[in-house]
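Below is one structure, written out as structure tokens; the observations come after it.
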Amino acid sequence: MTAPVTDITSARSERELVARAGAGDSAAQRDLYDRHVDRVYRVAFRLAGDDDAARDITQETFIRAFGRLGEFRHESALGTWLHSIAVSIALGALRKQSRMDKRHVPLDAAADVGRDDVNADVDLREQLYAAIDALPAGYRTVFVMYEIEGFSHQEIARTLGVAETTSKGQLFRARAKLRESLKHFARDSQ
Amino acid sequence: MSDDGYIRDQEPADGPEPMVSDAEDAALDALIARFGTDYNRPPDIVPREEMWHEIREKGELRRAIRRRPIWGVLVAAGLLLGVGIGIGVEAHSRIGPHASPLAQRESQRAPQVAVAVPRSPDARADNRNVPETRSAQRAPTQPRVTANRGTYASVDDGSSSNADARSQAYTLATVRHFTAVEALLTSYQTEPHDARGDAEMASWARALLSQTRLLLDSPAGADPARQKLLQDLELVLVQMTQLSPANTPIDREMIDGSVRHSDVITRLRTAVPAGGATHLQ
């Protein structure tokens, strides 16, 4: 089966763009940036949780990528390569400066909150977010990419440089931790 | 998985896999479906232009910094030579060609002090004693006639203008050095850590470390605040000379910790006047 003509053309033009961008052509760099920045920023924001950090991660991703385009061998899609750089930077940044503190809702505090439907919804949402924030960074990365951003395990595995089974295992454990974190709340809200 | 943020294929055992009921899993799925999309929800409009502007600016800056190592090494070598000659000349001029054998031996040791690399606390103590020894040997009856009259006269005559000129030369050398170290530290903090980058940083740090030690042994290190800064820089630079691809994140944390703890970047910026060395020339 042959690939559609548009895919081949697109791939060829991206290769050309990468070559030109790697040689320092700023128009080509801008073109690549425009093609990928939205998705990179989106993932960065999901992982970092605020605009400043997401901007820093996105900018750093493209600065590094433009500096290393000569090393890019087209063994994966450029988008995957960019995401792997972005996730690596995000994990490093999160490890250095934990941004988990911003939603300091103690999980056990839920029982003290009023129980009308609206409040219960807000509480439930906040508890979920706090529980996701509290996940170890590796679990959270896979969880966010798979459950929220809709990446496949294959894409996650390529992005993170791990086996697909590892990605699945991380997700399983992330979900287990979330269930554990939320079980008191679920019990109370029943 | 460990909590260090890294994902590895070989995961450590995390206890037995928990038993999960379908109901629990379905409840979590429902929760994620209901609220998941709003978790750290990015804004609808991506600040493309602002980020692109930053990328261009930072990219340019880094390229400029990356070109600096060669410049830095050349400047370091020049200053090494210049300050080394300065120390040698000063020592010689204080002692003179007709000085006692003891003083001449001290004079011969001067260049070694200038390029002293390994510095134990004892060595430092020795170095601190050197100026006293030299001043003790500067007896007023010592003859000062030398073949190179002009040079020695400029050092020996004790006029305040010459002393000022020498002091200014050391200040200029120190400011240039501080500027170069600040460039290195900025580059270290902003550059990606890869094998090539580490090798460049280590090489750059080695050149600056020699110069730092040289300045510490020179009159530039006599000022207590400047001496403390040079000593802190020495510690950071020693750590940076060890940079290699084999480094662990802990090694880098130690460097980061030293930079943070001693607040050297802020102190460097404070020590360098607006306009840098150019301003002083």
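Laboratory data are not the source of any read-out in this text; all were calculated from the coordinates shown. All of these numbers come straight from a predicted model, not from anything done at the bench. Glycine also receives a Cβ, built like all others from the backbone with ideal geometry; neighbour counts cover every protein chain displayed.
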**Study point:** Cβ-defined net charge surrounding A:Ser152, 15 Å radius [Lys, Arg +1; Asp, Glu -1]
**Key:** -1
Exercise for review: Give the calculated FRET efficiency between B:His53 and A:Ala77 to the nearest 0.05, with a Förster radius of 25 Å applied to their Cβ-Cβ distance.
Suggested key: 0.40
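Given a Förster radius of 51 Å and the C-beta distance between B:Glu60 and B:Ser167 as r, what FRET efficiency does 1/(1 + (r/R0)^6) yield to the nearest 0.05?
With a Förster radius of 51 Å, E is 0.85.
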Review point. Suppose R0 equals 30 Å; then what is the FRET efficiency for A:Asp31 and B:His193 from their Cβ-Cβ distance, rounded to the nearest 0.05?
Key: 0.60
**Study point:** Cβ-defined net charge surrounding B:Val272, 11 Å radius [Lys, Arg +1; Asp, Glu -1]
**Key:** +2
